[in-house]
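Notes follow once the structure below has been shown.
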Amino acid sequence: MDLEAGRAYPFLGRGSGPPLIISRAEGCFLFTGDGRRILDAAGGAIVANIGHGREEVAEVARRALLEASYVVPPFATESRVKLVSRLRTSWLPAGLSRIMFASGGSEAVDLALRIARQHFVSRGEATRWKVIGRELSYHGTTLATLAVGGHEKRRAGFEPLLIPHPKAPACYPLRCTWCRDRGQCTLACADALEEIIAREGAPTIAAVIAEPVVGSTAGALVPPAGYWPRLAEICRRHGILLIADEVMTGFGRTGRRFAVEHWGVTPDLLVAGKGLSGGYAPIAGVFASEAVVEPIVARGDDVMFYTYSAHPASCAIADKVLEILEREKLVQRAEVLGARLAERLSGLRGHPHVAETRGLGLLHAVELVRGREKLDPFPPHFRVCARVVMAGLRHGVFFYPGGGAPAPDVLCMGPPFVIEPSEIDHLVEVLGKAIDEAVA
Ligand SMILES: Cc1ncc(COP(=O)(O)O)c(C=O)c1O
């Protein structure tokens, strides 16, 4: 590759330094233009679930492109029908049988919001339009998904363009202020949803949207076991649709097909992206219950597609990726190796700048603080996460930076499910070293 051209590639020029130049990727590793090997501990942006460079996926893509390069989304093709039927028979929670595709997570969440709204318009309940999101959450970068999200840094400056949807509190056990005086978790943060519904009026609310395990905004925040059942119960009682945003957690990342399965909850709409194709194609899906779709069909209303919804090659790729996950039992592997990752990370808990290590399956994070006692963050100009990422890269491991106030500095890990146990040990060892070097 022309290195000079590589340096000129980023949209915002060279202000943030030249990009890392990657010449190829295979299994759990990225290879740089200058011949270095980097362990992809983040699977890209927590995407590459089956690992990089699978020949059989490339083969399927080639065949699909030759068969039909593009077909308008409402028409059926072999690859679309195959994927939909695999999803229905082997993957989706019982009850979520309606499927529509988009090209990425933001588009898919946007589509889920439209479907939720259309459901109520078609039912003759047009007063229901608000979508309750949560603080410390991320649902995408379109204006609608930023509006329901709670990622303050990514929303900053765009507020005049964002419809002010209500926000429920985050479920954040480490910094919980809801149950502190009660001596134990009472799920008061979930119950706060009741107060918001009472304040806004249930007949104005279409949906509640939440990530079952919060991704990079807060770093693999796992709620207590009762949290999701409580959310689902409150929504059901008020006739509000529950949308689970599993763009990051779906398709095995947490050691179950979908994270909501950990708590026996089936949402009305489930959105999943990244893992659906493991990064081999831009595709995401919205999975809805019959009850959500029924009034839309009954009134003869429509839900507009995107030009690239259900692209034939993307569908063929996703079908192959799911087949590989099944054949190699990779979801089970994510659960087993996730336990190892959690155990190894727990060794960092005594570190003076590690507030917490947490996660589920192969989605984990480390939250960094200046002092553990007060959980006060590093000053922003210190850019501690960027320092850790740079130190990690120097040692040949890529960690995914994240965070949002009050936890501005988290490092996320989401390696491919094919990672070896010894590579997990290695990445944790490097993480400890990288944190030490960053704060030195
Ligand atoms: C939970 C969640 N929702 C939505 C998105 C947006 O997806 P995309 O970047 O594919 O548009 C992400 C991306 O990280 C995510 O983690």
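Observations
- Conditions (1) at pLDDT below 95; (2) of a type in the set (A, V, I, L, M); (3) closer than 27 Å to V331 by Cβ: number failed by L174: (3)
- Residues being assigned to a helix (DSSP H, G or I) and aromatic (F, W, Y) are represented in the stretch 117-136 by at least one member.
- When we screen A45, A58 for residues that are outside any loop (DSSP other than H, G, I, E, B), more than 16 Å from the ligand (Cβ to nearest atom) and within 30 Å of P401 (Cα to Cα), the only hit is A58.
- Of all residues in the stretch 364-377 being surrounded by 15 or more Cβ atoms within 10 Å (Cβ to Cβ) and out of contact with any Leu (no Cβ under 9 Å at 6 or more places or on another chain), the one that is farthest from R333 (Cα to Cα): R370
- Filtered residue count, the stretch 224-254, keeping only those that are within 14 Å of the ligand (Cβ to nearest atom) and over 12 Å from the mean Cα position of the chain (by Cα): 1
- The listed residues are L143, L162, and the only one of them that is farther than 27 Å from E294 by Cβ and open to solvent by 20 Å² or more (accessible area, probe 1.4 Å) turns out to be L143.
- Members of the stretch 128-170 found to be closer than 19 Å to G285 by Cα and of a type in the set (S, T, Y), listed by number: Y138, T141, T142, T145
- Filter pass, R155 being surrounded by fewer than 19 Cβ atoms within 10 Å (Cβ to Cβ), free of Cβ contacts under 8 Å to residues at least 60 places away in the same chain and within 20 Å of the chain's Cα centre (by Cα): yes
- G27 in contact (Cβ under 8 Å) with a residue 24 or more places away in the chain, out of contact with any helix residue (DSSP H, G or I) (no Cβ under 9 Å at 6 or more places or on another chain), within 21 Å of K329 (Cα to Cα) and open to solvent by less than 50 Å² (accessible area, probe 1.4 Å): yes
The values are calculated or read from the model by the stated rules, or taken from the named source; none is laboratory data. Just so we're clear, the structure is a prediction, and the values are computed from it rather than from any experiment. Note that we place each Cβ from the backbone using ideal geometry, even for glycine, and neighbour counts take in every protein chain shown. Keep in mind that these areas ignore ligands, DNA and RNA; they rest on the heavy atoms of the full protein, side chains included. Shrake-Rupley method; radii C 1.70, N 1.55, O 1.52, S 1.80 Å.
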